Amino acid sequence: MTKEHANWSPYDNNGGTCVAIAGADYCVIAADTRMSTGYSILTRDYSKICKLADKSYMASSGFQADVKALQKVLSSRHLIYQHQHNKQMSCPAMAQLLSNTLYYKRFFPYYAFNVLGGLDSEGKGCVFTYDAVGSYERVGYSAQGSGATLITPFLDNQLKSPSPLLLPAKDAVTPLSEAEAVDLVKTCFASATERDIYTGDSVEIIILNAKGVRSETEQLRKD
Amino acid sequence: MFRNQYDTDVTTWSPAGRLFQVEYAMEAVKQGSAAIGLRSKTHVVLACVNKANSELSSHQRKIFKVDDHIGVAIAGLTADGRVLSRYMRSECINYGYTYESPLPVGRLVVQLADKAQVCTQRSWKRPYGVGLLVAGLDESGAHLYYNCPSGNYFEYQAFAIGSRSQAAKTYLERKFEKFPESSRDDLVKDALFAIRETLQGEKLTSSVCTIAVVGVGEAFNILDQETVQALINEFEISGEEAPTNESAAEQAGGDADSAPDQSGAAAEGEAAPMDI
C-alpha cells in the first residue's frame, strides 16, 4: 500500500540570489531582481530586500509569497518593540527574532532563505545567515539562493574568512573598504548570472554605514 | 457626587435611569490633570499638564503615540489609559498588516467606544476610568475625538478634559473658529495658551506640560522639552495676547515687553476659572 501523495504543493521557488558582506564600519546587502517560476520569468524588477529596522536589512530568496509574509510579520513585531522600548531594534536582536519566527513554523516552514545584514550597536557590520527553519549564525559574509553555490566559494577565496573554531575568536568582518566590497558584490552577481538561469536582470545593492543608507542598482545579463 | 443604594454595581440602574458607576468613572476623568486637543484642517495638536507626584519622581506619561498617524492624550486613571493605548496600538498594527494602509481614526474610536461600553454592561467588570483625546489624520482629514468611560465618543474642533479644563475650554471657545485655517505653529501656540489657562497663575514651563503634533507630512511626534520651552519664551517675551492670526502675531512681536503679571490677570478676568 503506497501512501497517497498530494497532487499540488503549497510551495513554489521563485529563484534569485542574495549576498551580504560585513565590513569594519559598513554592511553591504545585495539581491538580484529577477523573479521566476519554473523556466519562466515572472518579472525582472522585484525587490527581495526589506528594511526591517534602521540598521537591519533582510534579503530573502525562495518562495516570495512566504518571504512577503515573513517580512510583514517581522515589521509588525518591530512596531510592537518600538512601542514597548521606545527605540529601534538592534541588528542582533532582530537576528534572534527572525530565528524564532522561522522556527515557530518548524512544521510548515517559510520557504525563505534569508540573509540579514546591518550594523551592530558598536557600528560594526554584521551579517547573519539562516536556513529555512531558523538555524542561524553570525558571519563575515554569506550568500543564499539559487546562485549561492556559485558565489560562496568565490567569496571564501576573496575574503579569506578565519575559522570560527579559532581561539581567541577572530573577527570575521572583512578589512576591505566599502567601495571594494561593493565592487566585489557586483563581480559576484555578474559571475553567478553567467551560469545560473534564475539569477540576472539587475542587482539591487544596499550599503549601510554610520552616515546612513545608500542604494545602488547594477544591470545584469537578461538572458 | 452622593452615595445611594443604586451605585454599588455597574449593572444596577437607578430609578431615574442612571448608571452611577459609569458617572463615577467620568468623575475620575475630571480629577485627572488636564489634557487638551485642537485641530485645523491639516494638523492636530495635543497638550497636557504633567504633574509629578513628588520632586523625586518622574512625570507620568499622558500622551502616547498609537501609530504614525494617530496619537492619544489621556486624563484620569493613567494605568487604564496605558492599557487602552496598548489596545489601540495593537489594532493599528493588525489593520496595517491586513490592509497595508493606516487605520482610519473614526474606525479606531468606534472600536474603543465599543470596548468601553462592554465594561458598562458586565457585573464582573468596571468602567475604564480614563478619558481619551484621540488625535489622528486619515484620508478624510484631521480629526480629534473624545472617548468617554461611558462608551460615548464625540468629534471636536477643540476640547479639554481633566481638572480645571473649564478654563481651557473657555479659551478654546473664544478661539476655535479660527482653528481650521490656523497654521501648525499657531495651533501649538494656542495649545500652550490653553494649557496656561488651566495652570491658574502657575508658571508655564516645558517641565509641566507636554505637546504632541500630528499633521499632513508630519508623523505623530511629541515635541522635546527645548522646543516647547523656546515656544513658551517666544510668546511670553513678545506679549501676552494669543495670536489670533498672522498679522496679530507679528504685531505682538513688535510690542515692548509687557508685565507678565498684569496681562495674566487680564486674561484670567476674561476666562471663568471654575472647576466643574
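Restricting attention to region A:100-116 and to residues that are surrounded by fewer than 20 Cβ atoms within 10 Å (Cβ to Cβ) and assigned to a helix (DSSP H, G or I), the residue that is nearest to the other protein chains (Cβ to nearest Cβ) turns out to be A:Thr101.
Listed by first and then second residue, the pairs with beta-carbon distance under 6 Å, at least 6 apart or on different chains, first residue in region A:43-72 and at positive phi, second assigned to a strand (DSSP E or B), are A:Gly62/A:Ala112; A:Gly62/A:Phe113.
Tell me which residues, restricted to region B:92-118, are over 15 Å from B:Tyr153 (Cα atoms) and among the hydrophobic types (A, V, I, L, M, F, W, C). Those that are over 15 Å from B:Tyr153 (Cα atoms) and among the hydrophobic types (A, V, I, L, M, F, W, C): B:Cys92, B:Ile93, B:Leu103. Considering region B:81-194, the qualifying strands (runs of 3 or more DSSP E), each wholly inside and each with 2 or more residues that are more than 14 Å from chain A (Cβ to nearest Cβ) and under 27 Å from B:Val208 (Cα atoms), run over B:130-138, B:141-147, B:158-161. In the set A:Ser121, A:Ser215, A:Ser146, only one residue is of a type in the set (S, T, N, Q) and touching an Asp or Glu at 6+ places or on another chain (Cβ under 6 Å); that residue is A:Ser146.
Within region A:167-186, being assigned to a helix (DSSP H, G or I) and under 17 Å from the mean Cα position of the chain (by Cα) holds for A:Ala181, A:Val182, A:Leu184, A:Val185, A:Lys186.
Let's see how each residue does on (1) at pLDDT below 95; (2) surrounded by 15 or more Cβ atoms within 10 Å (Cβ to Cβ):
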position: B:Ser33; (1), (2): yes, yes
position: B:Gly37; (1), (2): no, yes
position: B:Val44; (1), (2): no, yes
position: B:Ser54; (1), (2): yes, no
position: B:Gln60; (1), (2): yes, yes
position: B:His69; (1), (2): no, yes
position: B:Ala73; (1), (2): no, yes
position: B:Leu84; (1), (2): no, yes
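Taken together, the residues in region A:181-200 that are among the basic types (Lys, Arg) and under 21 Å from A:Cys27 (Cα atoms) amount to 1.
Exactly one residue out of A:Ile80, A:Ile41, A:Ile29 is more than 14 Å from chain B (Cβ to nearest Cβ), of a type in the set (A, V, I, L, M, F, W, C) and either within 15 Å of A:Leu208 (Cα to Cα) or in a helix (DSSP H, G or I) (or both), and it is A:Ile29. Restricted to region A:31-76, and to residues that are basic (Lys, Arg) and surrounded by 18 or more Cβ atoms within 10 Å (Cβ to Cβ), which residue is nearest to A:Val133 (Cα to Cα)? Step by step, filter region A:31-76, then rank; the result is A:Lys48.
Residue-wise test of (1) modelled with pLDDT under 95; (2) among the aromatic types (Phe, Trp, Tyr); (3) touching a Gly at 6+ places or on another chain (Cβ under 8 Å).
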| position | (1), (2), (3) |
| --- | --- |
| A:Cys27 | no, no, yes |
| A:Ile41 | no, no, no |
| A:Ser56 | no, no, yes |
| A:Phe63 | no, yes, no |
| A:Asp66 | no, no, no |
| A:Leu70 | no, no, no |
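The values are calculated or read from the model by the stated rules, or taken from the named source; none is laboratory data. In this text, all values refer to a predicted model and were calculated from it rather than measured experimentally. With ideal geometry, Cβ positions are generated from the backbone for all residues, glycine too; neighbour counts draw on all protein chains shown.
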